[in-house]
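Below you'll find the structure, written out as structure tokens, and then a few comments.
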Amino acid sequence: RDLPSIKEVYKDYFLIGNVVSTKDLEGVRLELIQMHHNLVTAENAMKPAYAYNEEGEFDFTAEDELVQMVEDAGLLLHGHVLVWHQQSNELLHSDENGNPLSREEALANLRKHVKTVVEHFGDRVISWDVVNEAMSDNPPNPEDWRASLRNSGWLQAIGPDFIEEAFRAAREVIDENGWDIKLYYNDYNDDNQNKAEAIYQMVKEINERYAAENDGRLLIDGIGMQGHYNLNTNPANVRRSLEKFISLGVEVGVTELDIMAGENHELTEKQAMQQAYLYAQLFQLYKEYADHISRITFWGLDDGASWRAANSPTLFDSDLQAKPAYYAVIDPE
Ligand code: XIL
């Protein structure tokens, strides 16, 4: 408990975040969240599937409870997520047999979903992941971003412009209300150069079109690099992607950082050191580009609670004790 606070160490650089469910917002877990972080992302509660009840009507009961707890704890909140192919409501774009709805129907559903959710939470969030993981993993021809998209239900029903439409719907609500909420495109495998190029081409085209119509304003404010890495991740590739995204004039958020190492919930001493070294290399890089990076959010407070618990990817072990990775983040040089 008397360890340096991560958010204090980085207060002149960027916000520090972590992922939470309601169980992280009480007791000793909340103490650690508050001590080290400025902001949180809901691990599951604010995903599209959970905005609806069994009758398919909007129902924000569970979300509102979590948002209230976050506010009571004095933490900022990042909205995750409006449009995604997982943990979503399939009936927004497909019929009961799984066949795509007409473009008109799906587009109307997309707009209604985005607008209702953005309106509901308002400026209780500082930013939204508007579209998550729309790009395929290693597109062979990344110059053609449309051909690089994942074959999702949204793509099948609407076509490649579902992404731009989602951002425009969110932007309309924000502008109508005069809110300051940053809109992000978020994805993983962000260190893969083909994928980074496809994302770059997509954001460039969408933002240029919008800017031409709107006095140079951005439609997509930020790119989220999820940062789900492992011991084979090459920080030089992370750097290339980061520089590419920054060259678009958008902010970058590291949105879901963790580094898999070891297996079966065990980390050898060597793996713990390798993991710490990669965290240190990444934070050196993030500091270098701090002017363009809004936040670094970890995806898991401790190894026990991580979605990839077997690979011990976080800064704290399952007894909430600081690992070498924590000390590397505190002092990466
Ligand atoms: C994960 C959660 O951590 C798990 O609890 C859930 O079962 C599946 O989703 N990319 C994302 C996150 O954008 O929403 C995912 O979160 C991890 C990968």
Query raised in the report: Which lysines does Lys270 reach when only Cα atoms under 30 Å apart count, and residues fewer than 8 places away in its own chain are ignored?
Result: Lys7, Lys287, Lys323
Report task. Starting from the Cα of Lys115, draw a straight line to each of the lysines and keep only those under 17 Å, dropping any in the same chain fewer than 8 residues away. Result -> Lys47, Lys182
Requested in this report: Give me the Kirkwood hydrodynamic radius of region 7-153, using the inverse of the mean 1/r over all pairs of distinct Cα atoms, in Å to one decimal.
Outcome: 17.1
Query raised in the report: For Asp291, Asp129, what ranking results if the residue with the fewest other Cβ atoms within 10 Å of its Cβ goes first?
Result: Asp291, Asp129
Requested in this report: Find the relative contact order for region 6-330 and round it to a whole percent, using C-alpha pairs within less than 8 Å whose residues are 6+ positions apart.
Outcome: 15
Requested in this report: May I ask for the angle, rounded to the nearest 10°, between helix 61-72 and the longest principal axis of the chain, with both axes built from Cα atoms and the value confined to 0 to 90°?
Outcome: 50
Query raised in the report: Could you state the number of Å between the C-alpha centres of region 195-247 and region 94-137?
Result: 21
Query - Net lengthening on full extension, Tyr289/His120 (0.36 nm per residue, minus Cα-Cα) - result: 57.5 nm
**Report entry** Label point 7 Å beyond Cα of Glu333 along Cβ direction - residues of region 259-283 with amide nitrogen under 16 Å
**Finding:** 280-283
Query raised in the report: Counting other C-beta atoms within 10 Å, which of Leu282, Leu75 has the fewest, and how do the rest follow?
Result: Leu75, Leu282
Report summary line: Shape call for the chain, from the Cα gyration tensor axes a ≥ b ≥ c (a/c under 1.5 means rounded, otherwise prolate when a/b beats b/c, else oblate), comes out prolate
Report task. May I ask what percent, to the nearest 5, of DSSP beta bridges between residues of region 6-330 are antiparallel? Result -> 10
Query raised in the report: If each residue's Cβ is checked for other Cβ atoms within 10 Å, how do Leu76, Leu257, Leu231 rank with the fewest at the top?
Result: Leu231, Leu76, Leu257
Report summary line: Output ordering of 130-139, 113-122, 96-105 (per-residue mean of other Cβ within 10 Å, highest first) is 130-139, 113-122, 96-105
Report task. Relative to the longest principal axis of the C-alpha atoms of the chain, give the angle of the C-alpha long axis of helix 193-213, reported between 0 and 90° and rounded to the nearest 10°. Result -> 50
Report task. Just check region 111-259 against the gyration tensor rule for me: Cα atoms, a ≥ b ≥ c as the square roots of the eigenvalues, rounded for a/c under 1.5, and otherwise prolate or oblate depending on whether a/b exceeds b/c. Result -> prolate
Requested in this report: Mind checking the full-extension length gain between Glu213 and Asp319? Use 0.36 nm per residue of separation minus the Cα-Cα distance, one decimal, nm.
Outcome: 32.8 nm
Requested in this report: Compute the length gained on full extension between Glu65 and Ser102: take 0.36 nm times their separation in residues and subtract their Cα-Cα distance, giving the result in nm to one decimal.
Outcome: 9.8 nm
Query raised in the report: Taking a label point 7 Å from the Cα of Glu31 along the Cα→Cβ vector, which residues of region 293-333 have an amide N closer than 19 Å to it?
Result: 301-305, 315-323
Query raised in the report: In degrees from 0 to 90, rounded to the nearest 10, what is the angle of the helix 103-121 Cα long axis to the longest principal axis of the chain?
Result: 50
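Every number in this text was worked out from the coordinates using simple rules, so none of it is lab data. The model shown is predicted, which means the values in this text are computed figures rather than measured ones. As a convention, Cβ positions derive from the backbone with ideal geometry for all residues, glycine included, and neighbour counts pool all protein chains shown.
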